[in-house]
Amino acid sequence: MALKGVLVVFASQLLLAGSVFAGVFTYRLPAEPLIRIGLATNASSVSITTSDSSLVAFSPDEPSRLLASNRVSISARAYTPPEIEQYRIEFQNLPSQMDANSLADDIREATGESAIASIDVEKNTWRVWVGGIKSTEEDALLLKQQLADKDFDDAVVVVEKKEIISPDAIALSRQVRNAKKSEVRSLVRTTGSVKLAPGETVDPNLREVIVNGPSEESKFSSLKSVAFGSLNERTTPVRLNGKAYRGKLEVFVNASGRLSVVNVVPLEDYLLGVVPSELGLPAIEAQKAQAVAARTYAIANIGGYETKGFDMVPTVYSQVYKGVSIETAMGTRAVRETTGIVATYHGEPIMAYFTSTCGGRTEDGKNIFGTDAPYLKGVECSLEGRRQFDPFTIRTSRRPAKLRDAGHLELARFMSRLASNGFYLSTAEMTDDWFDSVPNENEMSNWLNQIAAKAGKPFPNVTHDTARPLELASTLAKLFYEPRVNDTLLSDSDVFYQLTFDDAAEVPKEKRADLAALLRDGLFILHPDLTLKPAKPFTRAEFLRLIGQIYKKKNWLPDLQKGTAKASTDGKLIIGSGRSSRTLAVRPDVFLFREFGETLYPVSETALVGGENIAYQTDGTGAVIYLEVQPTTTPTSAENMSPFTNWTKTVSAGALKARLSRYVRDIGTLMDVNIKKVGYSRRPIEIEIVGSNGIKTLSGGKIRSALRLPEQLFVMNKRYSGASVATYTFTGRGWGHGVGMCQYGAYGMAKMGVKYDEIIKHYYTGVDLTRAY
C-alpha cells in the first residue's frame, strides 16, 4: 500500500507516530512508554522503603547504587561546594622589591625551584613564593626543609582553603539558567562542557538531595535527581511513606526548594492502579473500557505537567491512581487483556475524557471545555430502542388479554390470580367475548370445587344449568350452610327484607331463604340494573365477579409477596436492596402484569431495570407464577445504578452571589440568574447573571464550578420574597463534567452484555481501536 502521509508528534522524548496507509490510519509507539506521576510536590522529607533485601538508587549518567538497606529518608539542603586545603612556601615581610627579587634569584640558583616575588598589599611588604602548590602538608614541609638545608631558614608554610566546583554544580547551574518555565532544580541530564566558561558562575541557590539510611552505601548527597527501586523491581514494589507503587520513585528538588516525588512506571503497570480507582464496579467489559480510556488518556497527556517534571497527577485532575493497594484481580485482567490498545481518531490518540455519571446524556466537549474535538460529541447514555432493555426483560409465553371493555381488565387480573392458585383457565387468550360467554361445565366444576375445598364441603354436582342464578345460589348455599338452616332461622319478613330487588317475585318460595341468606352474607350478586334475571345464565365475567366477592369476604385469596426489584438477569427475578438480594426463577408461562398510569395491564414482557415495586406469587417449586410490576420512577439509562443519578441543591441568593463572584467580577447586588443557552444534552452552557452593575455571562464548564454543583445537567427553580429572588433550587442528574465515557453508563452497558470495544465507540464518536505497542 502506498504511503499517503505521516503524522509525527514528540512528547516527553517519546515518538508518537500516526501514519496513513492508503486512507487507513495507523498508530504505533516504538515501545511501551514510561509514565511519570507526580505523587508529591511540596515535601520537606520523605521515607522510601521496600520489603526487598535492598533498595537500588539511580541517577542520570551514573551506574546504579546498591544501597545495602531497604529504607532511606530523603530531604533537601542548600548546596555547599566542598573545600580542600592547599599548601605553599613563602618568605614573608621583605622590606623592598629589591630584597625580594634578590632572594628569589638566590633561591632559583641554589635549588632550581621557581621563586616569584610579589607585594603583600595589606602589610605593604614583599614576599617570595617558592615552588608550586602542594596538596599535602608533608610535601610542603619537605620543601621547607630542603630550603633550610640551603641556608634559606625563614620559609613559612601557608595554608589556603579552596572550593572545588563539581561538574554537576556547573551542569545544574546551566540547566537552571536555561530552564525557562521548568520548575525542576535537580540535574536530570548533562549539559555539555563541565568547566566554567569565562565570566560564568555557579548558581548560589542550588540545593541537593540528601539520602540517609542505616548503611554507609545509603548515606550520600546529590545535585542530580535520584530514583529508588527495589532490587527485584518487577515483583516487589517500592513504598513512599508506606504506600506501595510499582516502578521507581524519583526524587528531585523543585523551584520552591522542596522535594518532588515522581513515580516512574511502565504504562501498563500504572493502569493497574488506575482502573480499580476510577471504575471498580464488578463488570469486566466496563473495566476493559476503562483500561482503554485510561491508557489513551495517559498517552495523550504525556508531558502534561512537563514544567513540573512529570506527566500527570494521581487525582481527578488527571486520573485517580492509588498504586498497588487498590489493585484487583478483575482490574488486572482488564488491563492485561487490552494491553497496548488505545482509542484513536485519524491516527492520533484521543483526549479520552470520562465522567462518573452523565445523567442520561453526555455533552459535546466544546460546550464544556471549549475545544471542538470531533470524537467528543454528546450521546445518549443508553442503547437504541428495545436493545437498551433486552437484557433486563422478563417474558411470558402466555398471550396477554386483548380487551376493549375496561370492566374486564380487572377480571383478567383476578382470573390470573385464580389460575395461579389452581383454578381452571379454559382459554389461551382472555378476550371480551370469552368473558361475555357462559362458562362450560368443566370450568364451573373446577371453580366450585375450589370453593368447596376452602369451605370444607364435598364437591358439588355441576351441570350446564348451574350457570343459572337460582341453581348457582342453591349450590353455594349447600357449601356455606347446613341443610334447613336458612328456612328454619329466617322468618318471611327477614327473607322479604333481603329480597327487595326488582324481579324478586320471580324467585320460587323454596329458594328464597337460601338466596336471602347469601345476599345478607355478601356471598351472591345481582345485575347492575338491580335484577337477578333467574332464567339468564351467568357469564364468565359475572361468575368471576361472584367468586371474587366470595374470596374477598372470606379472605381466601393468598396475599402477594412484595419487594423491590433489582436489575433482572437471564430472565430471573432479583429482589432486594443494597448488597442483599435473592434470585427467583420465573416460570415461562408466568402471568405478567405491568402498571401504566395507576392501572395494571396484562403484558407479554416487561423490563426490570432495578427499583421497581413488585408483587408476586410463587408455585410449589418456588418459581414465580404471577408477577405485577410497578415501574420505577428513577432513570432507566445505562448509568441508573449510580448513587449520583438525582440530586437537589438549594442556595440562598447571597450564597449564590458569593460563589459566582469567584468567577465573575463586579456583579454588584445579585438580582437574577437565567439559563440562556443549553447544549445537546440540555445542560446549561451559558447563564446570564443579572446584577446591579449590569448583566454578565458565564459559559462552559465554569458554570458547574461556579455554582458548586455535582453536575452541569440541571434545571433551576426560584423562590421569591417580594420582587427579589430569595433562593435558587437546582435539580439535576449526574456527577462530573459530563463529557466522554460515562463510567456508570459503561457499567450498565457491560451488565447488558455489551463488549468493551462497543462501549468505547458508543461514547467516543468515530474512533478506532488500535494496538499501539
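The values are calculated or read from the model by the stated rules, or taken from the named source; none is laboratory data. All values derive from a computational prediction rather than experimental measurement. Backbone-built Cβ (ideal geometry, glycine too); neighbour counts: all protein chains shown. All accessible areas refer to the heavy atoms of the entire protein, side chains included, with ligands and DNA or RNA removed. Shrake-Rupley method; radii C 1.70, N 1.55, O 1.52, S 1.80 Å.
Once the stretch 33-76 is narrowed to residues that are more than 17 Å from residue 210 (Cα to Cα) and among the charged types (D, E, K, R), the residue that is least open to solvent (accessible area, probe 1.4 Å) is 52. Picking from residues in the stretch 687-712 that are in contact (Cβ under 8 Å) with a residue 40 or more places away in the chain and open to solvent by 30 Å² or more (accessible area, probe 1.4 Å), the one that is nearest to residue 665 (Cα to Cα) is 705. With respect to the conditions (1) aromatic (Phe, Trp, Tyr); (2) open to solvent by less than 20 Å² (accessible area, probe 1.4 Å); (3) closer than 30 Å to residue 167 by Cβ, residue 79 lacks only one, and its number is (2).
In the stretch 245-291, the qualifying residues are those that are within 17 Å of residue 309 (Cα to Cα) and among the β-branched types (Val, Ile, Thr), and the one that is most open to solvent (accessible area, probe 1.4 Å) is 264.
Scanning the stretch 114-137 for residues that are charged (D, E, K, R) and at pLDDT 95 or above gives a single hit, 127. Is there a residue being touching a Leu at 6+ places or on another chain (Cβ under 9 Å), of a type in the set (Phe, Trp, Tyr) and part of a strand (DSSP E or B) anywhere in the stretch 551-567? Checked the stretch 551-567: no residue is touching a Leu at 6+ places or on another chain (Cβ under 9 Å), of a type in the set (Phe, Trp, Tyr) and part of a strand (DSSP E or B). Of all residue pairs spaced 6 or more apart or on separate chains, those with beta-carbon atoms under 7 Å, a first member in the stretch 659-686 that is touching a residue at least 60 places away in the same chain (Cβ under 8 Å) and over 13 Å from residue 705 (Cβ atoms) and a second member that is hydroxyl-bearing (Ser, Thr, Tyr) and not in a loop (DSSP other than H, G, I, E, B) are 685/699.
Within the stretch 356-378, the residues that satisfy the criterion of being in a loop (DSSP other than H, G, I, E, B) and out of contact with any strand residue (DSSP E or B) (no Cβ under 7 Å at 6 or more places or on another chain) are 363, 364, 370, 371, 372, 373, 376, 377. For the stretch 76-109, a residue qualifies if it is free of Cβ contacts under 8 Å to residues at least 60 places away in the same chain and polar (S, T, N, Q), and the qualifying residues are 80, 93, 96, 97, 101, 102.
The residue of the stretch 17-45 that is modelled with the lowest pLDDT, among those that are outside any strand (DSSP E or B) and more than 30 Å from residue 253 (Cα to Cα), is 22.
Let me confirm something: among 394, 451, which residue is on the phi < 0 side of the Ramachandran plot, in contact with a helix residue (DSSP H, G or I) (Cβ under 9 Å, 6 or more places away or on another chain), surrounded by 18 or more Cβ atoms within 10 Å (Cβ to Cβ) and β-branched (Val, Ile, Thr)? That would be 451, the only listed residue that is on the phi < 0 side of the Ramachandran plot, in contact with a helix residue (DSSP H, G or I) (Cβ under 9 Å, 6 or more places away or on another chain), surrounded by 18 or more Cβ atoms within 10 Å (Cβ to Cβ) and β-branched (Val, Ile, Thr). Can you tell me which residues in the stretch 472-495 are under 22 Å from residue 444 (Cα atoms) and not in a loop (DSSP other than H, G, I, E, B)? Residues satisfying the conditions are 472, 473, 474, 475, 476, 477, 478, 479, 480.
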